[in-house]
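Trainee: Before anything else, here's the structure in question.
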Amino acid sequence: MRLLSSPILAACAAVWLGGAGSALADTPVTYTEDGRALFRFDVPDFWVLRTGGPREIEDTGLDDPRAVARVMGLRPVTDDNVWMGFVSPSGVATIQDGVRYLQDIDKFLVKDPTLTSTSDTRIGGLPARVFRGTGRRDGKGVNFTATVIDLPRNRVAIAVAILRDGADPDFAEDLNAVFASFRSLL
């Protein structure tokens, strides 16, 4: 009984008995190009991150290939109805360039997109333009958010978040937390 009256043991017991969730921490990830750090963001606990290098993607129905820079994609371990990806394409220097880039690759992200809103905001203290809409992907309805973030030194970061119909809406909080953790490293 005497041991439990110790403030340190009481704090440890509180974490062990019920506060363990608050002891978890997201994982910081850095997007680099040619060994130079461009930006960072936090991947939520119990999400998986996949990275890919530069490549060409092609919609077989359109026969229209496009070069794509490294994509860092993340999704919850328990739900493949939610996906978020980051890219920083070389030569895309401004928000307007980023908008043109999105217009060029939109057919690879979402079929039959319908834009529902556009807004200007700040992410990580930087100017950003956000596009929200609906469409279809892999035969299912989706909600999407495409964001162009103006980085220093003539670069942008582009983030796309997709929630398929039937996805747990609570994952929107995780997606917002990823955006809140975004920081330029330029």
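The values are calculated or read from the model by the stated rules, or taken from the named source; none is laboratory data. Just so it is clear, the structure is predicted and the values come from calculations on it, not from any experiment. As a convention, Cβ positions derive from the backbone with ideal geometry for all residues, glycine included, and neighbour counts pool all protein chains shown. For the accessible areas, the whole protein counts, side chains as well, though only heavy atoms, and no ligand, DNA or RNA atoms are used. Shrake-Rupley method; radii C 1.70, N 1.55, O 1.52, S 1.80 Å.
Trainee: Given the conditions (1) closer than 20 Å to residue 32 by Cα; (2) modelled with pLDDT under 90; (3) aromatic (Phe, Trp, Tyr), and given that residue 179 satisfies all but one, which numbered condition is not satisfied?
Mentor: (2)
Trainee: From the list 183, 129, 155, exactly one residue is more than 16 Å from residue 74 (Cα to Cα), of a type in the set (Lys, Arg), in contact (Cβ under 8 Å) with a residue 60 or more places away in the chain and buried (at least 19 other Cβ atoms within 10 Å of the Cβ). Which is it? Give the derivation first.
Mentor: Working: 183 fails: buried (at least 19 other Cβ atoms within 10 Å of the Cβ); 129 fails: in contact (Cβ under 8 Å) with a residue 60 or more places away in the chain.
Matching residue, one of 183, 129, 155: 155.
Trainee: Here's a follow-up. Within the range 124-176, take every residue that is under 15 Å from the mean Cα position of the chain (by Cα) and among the small types (Gly, Ala, Ser) and give me the one that is farthest from residue 32 (Cα to Cα).
Mentor: Taking the candidates together, the pick is 172.
Trainee: Restricting attention to the range 67-79, and to residues there that are in contact with a Ser or Thr (Cβ under 7 Å, 6 or more places away or on another chain) and at pLDDT below 90, which single residue is surrounded by the fewest Cβ atoms within 10 Å (Cβ to Cβ)?
Mentor: Initially, the range 67-79 is screened for residues in contact with a Ser or Thr (Cβ under 7 Å, 6 or more places away or on another chain), giving 69-70, 72.
After this cut, where a residue has to be at pLDDT below 90 as well, the list is 69-70.
Numbers: 69: 19, 70: 17.
Result: 70.
Trainee: If you take the residues of the range 80-118 that are open to solvent by less than 70 Å² (accessible area, probe 1.4 Å), in a helix (DSSP H, G or I) and modelled with pLDDT of 85 or more, which of them is farthest from residue 171 (Cα to Cα)?
Mentor: Top of the filtered list is 97.
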